[in-house]
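The values are calculated or read from the model by the stated rules, or taken from the named source; none is laboratory data. All figures in this text were calculated on a predicted structure; none of them were measured in a lab. So basically every Cβ, Gly included, is an ideal-geometry build from the backbone, and we count neighbours across all protein chains shown. When the accessible area is computed, the model is the full protein with side chains, heavy atoms only, and any ligands, DNA or RNA have been set aside. Shrake-Rupley method; radii C 1.70, N 1.55, O 1.52, S 1.80 Å.
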Amino acid sequence: MIGLLIFIPLITAALCFLVKNRRGIEYINLIGAAALAIAAIFPITASHSATIYFFREMFFMDALSSYFMMVLIFIAFVVAMYSVDYMGREFKKGVIGIPELRQYYAFLHLFIFSMVFAIVSNNIAFFWMAIELTTLVTSLLVGFYRSKESVEAAWKYIILCTVSITFGLLGVFLIYYASTSVYESTYQVSRLGIIGTLKWSELRGIAHEMNPETLKLAFIFIIVGYGAKAGLAPIHNWLPDAYSQAPTPISALLSGVLSKCAFLGIIRIVILGNMSLDTSYYNHLLLIFGLVSMGIAAAFILTQNNFKRLLAYSSIEHIGIMAIGIGIGSFWGVYGALLHLLNHAIVKTLLFFSTGRVRLKYNSPIIDRVRGAIVVLPVSGTIMLLGALALAGCPPFNVFLSEFTILKAAIDNGNWVTFALFILFAAIVFAGIFYHFGNMAFGKPGTDIEKGEEKSEYKKSLMAIIALAAIMLVLGLYIPGFLDGMLNSSVKIITGN
Amino acid sequence: MKDWMDLLYVMDFVSIGILITAISINSLSQIEAWIKAYMINSWLLSLLIFFVAVKNPEHHLYVASTLTFASKGVLLPFFLKSIVKQMKKVQVVETYLSTSLSLIISGIIIAIVYVSLGKGIFVTGFSSFVLKISVAVILIGLFIMITRRSAIAQILGLLFMENGVFLAGFSLTFGMPSIVELGVVFDLLMIVIIMGVFMVQIKQKFSSDAADMDQLTNLKG
């Protein structure tokens, strides 16, 4: 079952690269994404009751990975749909030709493959390799347009992420080292046949015996390594550049899923840490990183003049919120963080898509040049405004629900400092997002802009946007039973009871 | 061979060689000399793993030694040289700091590492001495990345860091399982190739002699 999940995106990527006509590639892309989604349903439901393994326990899916997998397949499918319109338009304009189109779809599916690989790997070193692979593939996608800016963004991205993930490798080595000393002491293995384990499921079993100091040291390297990829604050500099220069569907996938996959790596190690002696260390570190991320993002959101970069900074804010939720550590904190992960993925994808249409209409990503978007684009403009409200944390929407859950957990736990700073930063972000997107949505549009949505040819992206908006509204009012069940069992894995 | 190795402290000498090749790039200005220094560094790393393998007869260590030699000692330097040739002019690495100052800073880095790891957070490992050296190499690699302007210098700094991480891995646990090492090395190769592609693109787009980081200032805020 898990093997199928790994191979479908690979085969799709290969086919996209081999086929040489536009329609063919687009259909393969859609069918590949749909097949992945369908193939994933069965393991997701099966892993709900018991962890499933594949290929000598190299790969596995427990409730936590199936939750991430669900987010991935959903966003990946929507992105595949949106890509057809987006890239079709670029193709018609003559910005790209068939070779670039083939490359784009092949890399898109390789990117999906590497994230699937990361989510299902049981081996922490394989996880590291998968995250590294995402850097490779996405750097090519970030530099897709080969303009000065995109090459610069891609270079910054690959250098920063590679350096930090090298530290992550050191963290993986340290965890392996911690496991070897456990085996050495328990099973009296001789110095020569020294053997440790890298399998997360086995590490979890021996985590309470590991040297807590070594584990702490490893966690610092891990949080630096994967935190850069996730977009945690002091190591986020690549993120606004990469998000603003990548093609819009790729930005959505980077922000909606990739940052969460990297965050999964941090969560896995936090679980190990929670099993060892001192849990407050891990929680404090996550809280600090989370609050710093929120603070820095708030400052940059207020002064931003490019809406793609604004969305990138908002991603930093939201990954910070997730880190805070996990850092609080109680049931509702972790529950809120995981729910926030899904909500943020949906809302951010929605916003990237709708602002993508706005950008194509106005031919500019600068906030000051976009005025009266709801008049010019009745559907996507309105949905953009709703999405911005949701992103800022306005009540009837889903993001509010999860942020509220995390805040409630902070109060229950007595984390008053976290609570106060969270409220402060969230208020600043709210003001910033509302101000900028309000300006874009209302006001008088320039005279040279033709009103009305695009022609019927580009209906697919509009369908994707409307579907996402509907889900955003529903999740704000009501959490379906299966989602609640998945969240509950995932939280149990993280908190350990 | 084992006795002979212990008697002459071969392993210590080899690891000091790794440290010295890392420090030496601070004083080199020609990029080709940098690549040579990296090549020697990788050879020494591979030699060290080979000696560890002789001491503790395990197959995967021989595999790791050969792999390191083939990928980092032969393939990567060859590839980097071809990129430098493609950039045509013989490159001089420009630095923000003078040679003597960067040498002094490298010395300070090593001293800090030796003092802070002196008490030994680590219980075992085949040599805590090697661990100190590996951390020092990682930090020197990082220092080089920060203070040099050209793109290829950043790639080399990264490669030195990677060598340091590998050395740390070996000093802690006698290496990882072979499949993991294979994967990591493969990732490294791919990264350097892709960085090479971007470097050529930077040179084309910004139309200068060297791929210089000072020009990458379009994206801010």
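Hey, can you tell me all the residues within the stretch A:372-413 that are closer than 30 Å to residue A:331 by Cβ and not in a helix (DSSP H, G or I)? Reasoning before the result, please.
Here is the first cut: in the stretch A:372-413, the residues closer than 30 Å to residue A:331 by Cβ are A:387, A:389-413.
Within the stretch A:372-413, A:393, A:394, A:395, A:396, A:397 qualify.
Please go through the stretch A:292-341 and give me each residue that is among the hydrophobic types (A, V, I, L, M, F, W, C), more than 18 Å from residue A:398 (Cβ to Cβ) and surrounded by fewer than 23 Cβ atoms within 10 Å (Cβ to Cβ), ordered by number. Quick ask: steps written out before the conclusion?
First, the residues of the stretch A:292-341 that are among the hydrophobic types (A, V, I, L, M, F, W, C): A:292, A:294, A:296-302, A:307, A:310-312, A:316, A:319, A:321-324, A:326, A:328, A:331-332, A:334, A:337-339, A:341.
Filter again for more than 18 Å from residue A:398 (Cβ to Cβ), leaving A:292, A:294, A:296-302, A:307, A:310, A:312, A:316, A:323, A:326, A:328, A:331.
Those that are among the hydrophobic types (A, V, I, L, M, F, W, C), more than 18 Å from residue A:398 (Cβ to Cβ) and surrounded by fewer than 23 Cβ atoms within 10 Å (Cβ to Cβ): A:292, A:296, A:299, A:300, A:302, A:331.
Take the stretch A:216-248 and flag every residue that is surrounded by 24 or more Cβ atoms within 10 Å (Cβ to Cβ) and within 12 Å of chain B (Cβ to nearest Cβ).
Within the stretch A:216-248, A:218, A:225, A:238, A:239, A:240, A:241, A:242, A:243, A:245 qualify.
Give me the residue from the stretch A:342-392 that is hydroxyl-bearing (Ser, Thr, Tyr) and surrounded by fewer than 24 Cβ atoms within 10 Å (Cβ to Cβ) and, out of that set, modelled with the highest pLDDT. Steps first, answer last, please.
Narrowing the stretch A:342-392 to residues hydroxyl-bearing (Ser, Thr, Tyr): A:349, A:354-355, A:362, A:364, A:380, A:382.
Then keep just the ones that are surrounded by fewer than 24 Cβ atoms within 10 Å (Cβ to Cβ); that gives A:362, A:364, A:382.
On the way: A:362: 85, A:364: 85, A:382: 90.
Looking at the filtered set, the residue picked out is A:382.
Per-residue answers, yes or no, for (1) more than 17 Å from the chain's Cα centre (by Cα); (2) open to solvent by 10 Å² or more (accessible area, probe 1.4 Å); (3) under 26 Å from residue A:359 (Cα atoms):
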| position | (1), (2), (3) |
| --- | --- |
| A:250 | no, no, yes |
| A:253 | no, no, yes |
| A:258 | no, no, yes |
| A:264 | no, no, no |
| A:269 | yes, no, no |
| A:285 | yes, yes, no |
| A:290 | no, no, no |
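So, in the stretch A:271-282, exactly how many residues are surrounded by fewer than 23 Cβ atoms within 10 Å (Cβ to Cβ) and either among the β-branched types (Val, Ile, Thr) or under 24 Å from residue A:420 (Cα atoms) (or both)?
Count: 4.
Hey, does the stretch B:53-64 have a residue that's part of a helix (DSSP H, G or I), aliphatic (A, V, I, L, M), touching a residue at least 60 places away in the same chain (Cβ under 8 Å) and surrounded by fewer than 16 Cβ atoms within 10 Å (Cβ to Cβ)? Steps first, please.
Of the residues in the stretch B:53-64, the ones part of a helix (DSSP H, G or I) are B:53-55, B:59-64.
Then keep just the ones that are aliphatic (A, V, I, L, M); that gives B:53-54, B:61, B:63-64.
With the extra rule that they be touching a residue at least 60 places away in the same chain (Cβ under 8 Å), the set shrinks to B:61, B:63-64.
Then drop every residue that is not surrounded by fewer than 16 Cβ atoms within 10 Å (Cβ to Cβ), which leaves none.
So far as the stretch B:53-64 goes, no, none of its residues is part of a helix (DSSP H, G or I), aliphatic (A, V, I, L, M), touching a residue at least 60 places away in the same chain (Cβ under 8 Å) and surrounded by fewer than 16 Cβ atoms within 10 Å (Cβ to Cβ).
Yes or no, residue by residue, for (1) among the aliphatic types (A, V, I, L, M); (2) under 24 Å from residue A:282 (Cα atoms); (3) in a helix (DSSP H, G or I):
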{"position": "A:326", "(1), (2), (3)": "yes, yes, yes"}
{"position": "A:333", "(1), (2), (3)": "no, yes, yes"}
{"position": "A:343", "(1), (2), (3)": "no, no, yes"}
{"position": "A:348", "(1), (2), (3)": "no, no, yes"}
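Taking the stretch A:125-155 as the region of interest, how many residues are over 17 Å from residue A:261 (Cα atoms), touching a helix residue (DSSP H, G or I) at 6+ places or on another chain (Cβ under 6 Å) and either among the small types (Gly, Ala, Ser) or more than 7 Å from chain B (Cβ to nearest Cβ) (or both)? Give the steps one after another, and end with the answer.
In the first step, residues of the stretch A:125-155 are kept if they are over 17 Å from residue A:261 (Cα atoms); the result is A:140-155.
Keeping just the survivors that are touching a helix residue (DSSP H, G or I) at 6+ places or on another chain (Cβ under 6 Å) gives A:140-143, A:148-151, A:153-155.
After this cut, where a residue has to be either among the small types (Gly, Ala, Ser) or more than 7 Å from chain B (Cβ to nearest Cβ) (or both) as well, the list is A:141-143, A:150, A:153-154.
Of the residues in that region, 6 qualify.
Among the residues of the stretch A:174-196, which ones are at pLDDT 85 or above and open to solvent by 10 Å² or more (accessible area, probe 1.4 Å)?
Applying the first criterion (at pLDDT 85 or above) to the stretch A:174-196 yields A:174-179.
Selection gives A:176 alone.
Of the residues that sit in the stretch B:166-179 and are surrounded by fewer than 24 Cβ atoms within 10 Å (Cβ to Cβ) and assigned to a helix (DSSP H, G or I), which one is farthest from the other protein chains (Cβ to nearest Cβ)?
It comes out as B:178.
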